[in-house]
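The values are calculated or read from the model by the stated rules, or taken from the named source; none is laboratory data. Note that the coordinates shown come from a computational prediction; the quantities given were computed from them, not determined experimentally. Positions of Cβ are generated from backbone atoms using ideal geometry, with glycine treated the same way; all protein chains shown enter the neighbour counts.
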Amino acid sequence: MRKVQESNLKIINAFVGILAALMIVLNVLVLKDSDSSFTGLEVAFGKEFANLGPWASGEIAFNPIVLLAFVLPLIGGLMPLYLKKGYLISTIVFAISTLLIFLIPQFTTVTITILGNVNEIDVEWTYGIGLMLAAGLSILGATIGLLKLNNHLNAA
């Protein structure tokens with residue numbers, strides 16, 4: 001019976017990690033006081049959001065930290081399936097992922113190019129649904145790992 005429960009917990013943890021990673025396709029950042037929003041893929045890999053030919057353009061720069069924030073839950077979810085003591089690593093990875101997810105607005109760089117002059121601008125972002133769901137799922141993954149670690153400590 002205990003073996004079945006442990007196996008189910010590993011599958012649930014993997015499912016949580018996969019779901020958190022899939023939130024990259026949903027809206028992650030929304031411009032404050034605007035209807036403009038960007039998916040995690042657009043924020044991670046960069047996106048040109050305005051182009052007025054040679055006169056002016058605006059873009060979000062490639063951001064590997066955003067990509068890492070969404071890949072880490074996938075890694076954290078799969079750790080317990082492949083490592084005997086994977087819950088410790090999984091908990092740490094989920095916690096780091098949660099921190100990075102909440103810091104995505106600060107790591108996102110927006111540049112405006114006007115007549116060849118590139119300027120970085122400060123943008124006020126609000127959290128999109130994908131960011132909130134990814135953060136919640138990462139917290140859930142870390143909680144599962146902590147519960148499992150607590151069970152191991154109590155059993156010893």
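Being in contact (Cβ under 8 Å) with a residue 12 or more places away in the chain, surrounded by fewer than 16 Cβ atoms within 10 Å (Cβ to Cβ) and assigned to a loop (DSSP other than H, G, I, E, B) is not true of PHE15. Counting residues in the stretch 115-130 that are surrounded by 19 or more Cβ atoms within 10 Å (Cβ to Cβ), more than 17 Å from GLY46 (Cα to Cα) and polar (S, T, N, Q) gives zero.
Checking each residue of the stretch 59-79 against the condition of being surrounded by fewer than 15 Cβ atoms within 10 Å (Cβ to Cβ), small (Gly, Ala, Ser), free of Cβ contacts under 8 Å to residues at least 40 places away in the same chain and not in a helix (DSSP H, G or I) gives no match. Taking first residues from the stretch 1-12 that are within 18 Å of LEU146 (Cα to Cα) and partners that are of a type in the set (Val, Ile, Thr) and modelled with pLDDT of 80 or more, the Cβ contacts under 8 Å between residues at least 6 apart in sequence or on separate chains come to LEU9/ILE144; ILE12/ILE144. Quick check on the stretch 111-119. Is at least one of its residues closer than 22 Å to VAL16 by Cβ and either among the acidic types (Asp, Glu) or without any contact (Cβ under 8 Å) to a residue 24 or more places away in the chain (or both)? Taking every residue of the stretch 111-119 in turn, none turns out to be closer than 22 Å to VAL16 by Cβ and either among the acidic types (Asp, Glu) or without any contact (Cβ under 8 Å) to a residue 24 or more places away in the chain (or both). Of the residues making up the stretch 120-136, those that are touching a residue at least 12 places away in the same chain (Cβ under 8 Å) and in a helix (DSSP H, G or I) are ILE129, GLY130, LEU131, LEU133, ALA134, ALA135. Scan the stretch 137-149 and give yes if some residue there is among the charged types (D, E, K, R), surrounded by fewer than 21 Cβ atoms within 10 Å (Cβ to Cβ) and part of a loop (DSSP other than H, G, I, E, B), otherwise no. Among the residues of the stretch 137-149, not one is among the charged types (D, E, K, R), surrounded by fewer than 21 Cβ atoms within 10 Å (Cβ to Cβ) and part of a loop (DSSP other than H, G, I, E, B), which makes the answer no. Filtering the stretch 84-112 to residues that are among the polar types (S, T, N, Q) and either at pLDDT below 90 or assigned to a helix (DSSP H, G or I) (or both) leaves SER90, THR91, SER97, THR98, GLN106, THR109, THR111. Looking across the stretch 80-109, the residues that are hydrophobic (A, V, I, L, M, F, W, C) and surrounded by fewer than 23 Cβ atoms within 10 Å (Cβ to Cβ) come down to LEU81, LEU83, LEU88, ILE89, ILE92, ALA95, ILE96, LEU99, LEU100, PHE102, LEU103, PHE107.
Residue check: ILE144 meets all listed conditions (1) of a type in the set (Val, Ile, Thr); (2) farther than 29 Å from SER36 by Cβ; (3) under 13 Å from the mean Cα position of the chain (by Cα) but one, namely (3). The set of residues in the stretch 21-44 that are of a type in the set (Val, Ile, Thr) and buried (at least 17 other Cβ atoms within 10 Å of the Cβ) comprises ILE24, VAL28, VAL30, THR39, VAL43.
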